Amino acid sequence: MKYNFDEIIDRRGTESYKWDHTKDFFGRDDLLPMWVADMDFKSPPVVIEAILRRAEHGIFGYTAKSESFYQAFIDWTGKRHGWEVKKEWIIASPGVVPAIAIAIQAFTNPGDKIVVQTPVYYPFFNVVKNNRRELIINELIYNNGHYTMNYEDLIEKIDSKTKMLILCSPHNPVGRVWSKAELKRLGEICLEKGIIVVSDEIHSDIVYSESKHIPFASISEESANNSITCMAASKTFNIAGLETSLTIIPNTELRGKFKKILLKGLSLTLGNIFGTIATETAYRLGEDWLEELLDYLEKNRDFAIEYIRNNIPSVKAIKPEGTFLLWLDFRGLGLSDLELQKLILNEAGVALNHGTVFGKGGEGFQRLNFACPRAILEKGLKKIERAVKGLKDD
Ligand SMILES: Cc1ncc(COP(=O)(O)O)c(C=O)c1O
């Protein structure tokens, strides 16, 4: 191992959302943070060095993106995901959530309906509602520890006002890496019904050995022409604070509409220098680091699942195929959602994301972020174990 993911780095005092802001969300600042989806690991040394080198130059004026920025991303998606992206399809954007908001403004009108597949990353709800569009819930099917899409329900809920579906692929929080067949079926329905797919693929690089991420737009030319894909190096290389993402729109007409809002409506033209440098460097030079990270994360995932199976059998862990998020089914405890929240916060002293925030289907669940040194993961699991067993924490 070239990189040390066991290193415990104190993030407190950096205004880290995850570590320094639990009080804002949970009313306490003594919790072990295992919630916000960033990692407690340093970014690849090559990324840190590139940022430092640029910082030493000392002038941070308006800076464009080079050809090699786009080429690094094209090479990455070709190599890692087998998707040949053309330079003209790519639009550099701020975060993925802002890109989704722009897509909503570009391709739908107030009052239009937008489908999300719950339980799902909750900012999707806000971005739809805050743009005065109507949220349509297409709940995933949960059967025997496995989630699948509910196509019948989707077809039933689509009407003439339904204009968009926001796909989470891989899926946060349930950890599914959607198969080609699943994406194909979804794509066919959306195409037939005239619904644009916004495919949020921010977690696409965090996929475990038994699975393979398939970009929605790579399924067919029709899917490519009916989709907007959101990707970023932010989750993969732990640079989310640099607020840089890539939006890929093969359809010329759709791309024009998106650019009009981004570049003219919002004047978001050049982006952040450090986000640009970190993203390009990570895609160009970060692959060996990612391979080691994936190995570490997969071991963390398996460690957590094994720990829960052996020590907290009343809680069921849904094995994620991708993402560094573990979706935990606490329904076996027979608690109300409020009782469960109290147990996790007050008895366990751990900050997890409450299942209910992910919408329908999240009741009785909690989301745990296992992108941390194994010692911290073990500490968090022990805290949960003691709380579930009704013991006082050490
Ligand atoms: C599915 C998904 N999309 C988007 C984001 C956030 O993206 P950004 O910070 O680029 O807006 C997250 C972060 O957790 C996420 O899980």
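The values are calculated or read from the model by the stated rules, or taken from the named source; none is laboratory data. A quick note: this is a predicted structure, and the numbers were derived from the prediction, not measured. Ideal geometry is used to build each Cβ from the backbone, glycine not excepted, and the neighbour counts take in all protein chains shown. These accessible areas exclude ligands, DNA and RNA; they are computed on the full protein's heavy atoms, side chains included. Shrake-Rupley method; radii C 1.70, N 1.55, O 1.52, S 1.80 Å.
Of the Cα atoms belonging to the stretch 16-166, the radius of gyration and Dmax stand at 20.4, 58 Å. Extension gain for GLU134-ILE155 works out to 5.9 nm (0.36 nm per residue, less the C-alpha to C-alpha distance). Dividing the mean sequence gap of close Cα pairs (under 8 Å, 6+ apart) by how many residues the stretch 48-285 holds gives a relative contact order of 26 percent.
Where nothing but the Cβ of Lys and Arg (+1) and of Asp and Glu (-1) is charged, how large is the charge dipole of the chain around its Cα centre, in debye to the nearest 20? Numbers along the way, then the final one.
Values: 50 positive and 53 negative charges, 141 e Å.
Using Cβ point charges on Lys, Arg, Asp and Glu, the chain gives about 680 debye.
In order along the stretch 68-81, phi translates into HN-Hα couplings of 5, 4, 5, 5, 4, 5, 4, 5, 5, 5, x, 6, 7, 10 Hz, rounded to whole numbers, per the Karplus curve 6.51 cos²θ - 1.76 cosθ + 1.60 with θ = phi - 60° and x for Gly and Pro. Summarise the long-distance tail of P(r) for the stretch 164-232 by giving the % of C-alpha pairs beyond 20 Å. Looking at the stretch 164-232, the distances longer than 20 Å represent 20 percent of pairs.
Across the chain, the fraction of Cα-Cα pairs farther apart than 25 Å, rounded to a whole number, is 56%. Each helix, a run of at least 4 DSSP H residues, gives -39500 (n - 2.57); summed and divided by the residues of the chain, these come to -11500 deg cm²/dmol at 222 nm.
Note on LYS319/GLU182: beta-carbon distance plugged into 1/(1 + (r/R0)^6) with R0 of 22 Å gives a FRET efficiency of 0.80.
Only protein heavy atoms count here; under a 1.4 Å probe, LEU270 has an accessible surface of about 60 Å². Using the Karplus relation 6.51 cos²θ - 1.76 cosθ + 1.60 with θ = phi - 60°, the per-residue 3J(HN,Hα) values for the stretch 175-180 come to x, 6, 10, 5, 7, 4 Hz, with x marking Gly and Pro. As a length-normalised measure over Cα pairs under 8 Å and 6 or more apart, the relative contact order of the stretch 1-106 settles at 13 percent. If you plug the beta carbon distance of GLU222 and GLU287 into 1/(1 + (r/R0)^6) with R0 = 30 Å, you get a FRET efficiency near 0.45.
The accessible-area ordering, largest first, of the residues LYS18, LYS161, LYS2 stands as LYS2, LYS161, LYS18, per a 1.4 angstrom probe. Residues whose amide H comes within less than 5 Å of that of LEU32, counting only those at least five positions distant or on another chain, are VAL350, ALA351 (H built at 1.01 Å from N in the peptide plane). Each Lys and Arg contributes +1 and each Asp and Glu -1, all at the Cβ; summed about the Cα centre of the stretch 202-346, the dipole is approximately 620 debye. Taken along the Cα-to-beta-carbon direction at a fixed 7 Å, the label points for LYS379 and LEU266 span 3.7 nm. Restrict the search to the stretch 301-394; then list the trypsin sites (Lys or Arg not before Pro) that DSSP places in a loop and that have at most 13 other Cβ atoms within 10 Å of their Cβ. Those that pass, being in a loop and sparsely packed, are LYS389, LYS392. For the stretch 139-237, the number of Lys pairs separated by eight or more positions or lying on different chains, with C-alpha atoms closer than 25 Å, is 14. For the stretch 301-323, backbone nitrogen atoms closer than 17 Å to the point 7 Å from GLU339 Cα along Cα-to-C-beta are found at 314-316. The alpha-carbon of LYS87 sits under 20 angstrom from the alpha-carbons of these lysines, leaving out residues fewer than 8 places away in its chain: LYS65, LYS79, LYS257, LYS259, LYS260. Rounded to the nearest whole Hz, the Karplus-based 3J(HN,Hα) values (6.51 cos²θ - 1.76 cosθ + 1.60, θ = phi - 60°) of the stretch 344-354 follow the sequence 5, 7, 7, 8, 7, x, 10, 8, 10, 8, 5, with x at glycine and proline.
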